[in-house]
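Asker: Would you mind keeping the following structure in view while I ask a few things?
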Amino acid sequence: MHVGDRVHSLLPSLYAMSQLGEPSEIVEMYAMLMTDQVTRVGKREQFRAALGVIHACADSDVTDIFGYINERMKYVVKMAPMSDILVLGRHLIQHGVTGVLPPLPRAARADDGGRYTPEFVARDHVATAVAHLGVSEREAWSMTMTGLVSALRAKYPPSPDLSPGSNAPSIEEHDAALEWHDKVLAKRNKMNG
């Protein structure tokens with residue numbers, strides 16, 4: 001973001017996500033941000049969470065742009081419209097926690113859908129990046145989940161369908177094999193007389 005003569009960046013890195021709280025709190029925050037809140041209290045907490053995500057992802061102090069919660073727990077409005085804060089917070093936490101990529105084709109998935117995990121342990125994802133992508137720990141902490149998953153998909157392309165029966169021959173292949181088998185048996189029977 002360019003504001004006057006200053007440039008600010010928002011990077012939903014694994015490090016920034018780890019600053020949102022304990023691993024279980026990160027998952028709870030993600031769920032709250034991605035759910036349409038209906039109560040006034042829910043909407044207020046959702047807004048505060050989105051603001052917290054933005055501040056965690058900022059490379060410098062962005063209170064003059066996005067505002068802050070004061071000591072009386074009231075939001076102090078600054079340059080950015082309040083309506084943009086929730087949208088931006090949602091996008092940042094998605095890129096930081098789950099990644100924003102098209103789903104793999106059904107045949108390439110390891111199982112029948114995602115698994116729920118009650119915690120987001122950023123250091124585990126950092127270790128994956130270091131071990132499988134050959135990046136430094138510092139570089140890994142700077143990655144977003146979108147970047148990590150994209151790099152892993154590029155290095156380890158999805159394997160063909162491994163579900164039961166996926167390698168079974170087609171009906172045509174089956175019929176051709178049976179026909180060949182019948183011919184071999186007929187020749188063998190003719191030779192053995």
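Asker: Please report, ordered by residue number, the helices (runs of 4 or more DSSP H) entirely within the range 24-111 with at least 2 residues that are under 28 Å from A154 (Cα atoms) and modelled with pLDDT of 95 or more. Spell out the reasoning first.
Answerer: Working: elements: 40-57, 63-66, 82-93.
It comes to 82-93.
Asker: Among (1) within 24 Å of K74 (Cα to Cα); (2) modelled with pLDDT of 95 or more, there is one condition L14 misses while meeting the rest; what is its number?
Answerer: Result: L14 fails condition (1) only.
Asker: For the range 123-177, enumerate the residues that are surrounded by 13 or more Cβ atoms within 10 Å (Cβ to Cβ), assigned to a loop (DSSP other than H, G, I, E, B) and at pLDDT 95 or above.
Answerer: Passing the criteria: V135, M143, T144.
Asker: Let me ask something else. Please enumerate the residues belonging to the range 52-108 that are among the acidic types (D, E) and more than 17 Å from L10 (Cα to Cα).
Answerer: Initially, the range 52-108 is screened for residues among the acidic types (D, E), giving 59, 61, 64, 71, 84.
Scanning the range 52-108 gives a single hit, E71.
Asker: Can you report the number of residues in the range 39-73 which are among the acidic types (D, E) and over 18 Å from I93 (Cα atoms)? Give the steps one after another, and end with the answer.
Answerer: If we filter the range 39-73 for residues that are among the acidic types (D, E), which is where we start, we get 45, 59, 61, 64, 71.
This time we only want the ones that are over 18 Å from I93 (Cα atoms), so: 61, 64, 71.
Total satisfying the criteria: 3.
Asker: Which of the residues spanning the range 1-23 are of a type in the set (S, T, N, Q) and in a helix (DSSP H, G or I)? Explain how you work it out, then say what you get.
Answerer: Applying the first criterion (of a type in the set (S, T, N, Q)) to the range 1-23 yields 9, 13, 18-19.
Hit for the range 1-23 is S18, nothing else.
Asker: Next question. Being touching a residue at least 40 places away in the same chain (Cβ under 8 Å), within 19 Å of Q94 (Cβ to Cβ) and surrounded by 13 or more Cβ atoms within 10 Å (Cβ to Cβ) is the filter here; which residues of the range 2-19 pass it? Even if it seems obvious, please write down each step before you answer.
Answerer: At the first step, the residues of the range 2-19 found to be touching a residue at least 40 places away in the same chain (Cβ under 8 Å) are 3, 6, 8-18.
When the remaining residues are screened for being within 19 Å of Q94 (Cβ to Cβ), the result is 9-18.
Selection gives L10, L11, P12, S13, L14, Y15, A16, M17, S18.
Asker: In addition: Show the residue pairs meeting these rules: Cβ distance below 7 Å; 6+ apart or different chains; first residue within the range 36-58 and surrounded by 15 or more Cβ atoms within 10 Å (Cβ to Cβ); second residue part of a loop (DSSP other than H, G, I, E, B) and hydrophobic (A, V, I, L, M, F, W, C).
Answerer: Close Cβ pairs satisfying both conditions: G52/L20; V53/L20; I54/V62; H55/V62; A56/L20; C57/L11.
The values are calculated or read from the model by the stated rules, or taken from the named source; none is laboratory data. Quick caveat: nothing in here was measured; it's all calculated off a predicted structure. Heads up, the Cβs are rebuilt from the backbone with ideal geometry, glycines too, and the neighbour counts pull from every protein chain shown.
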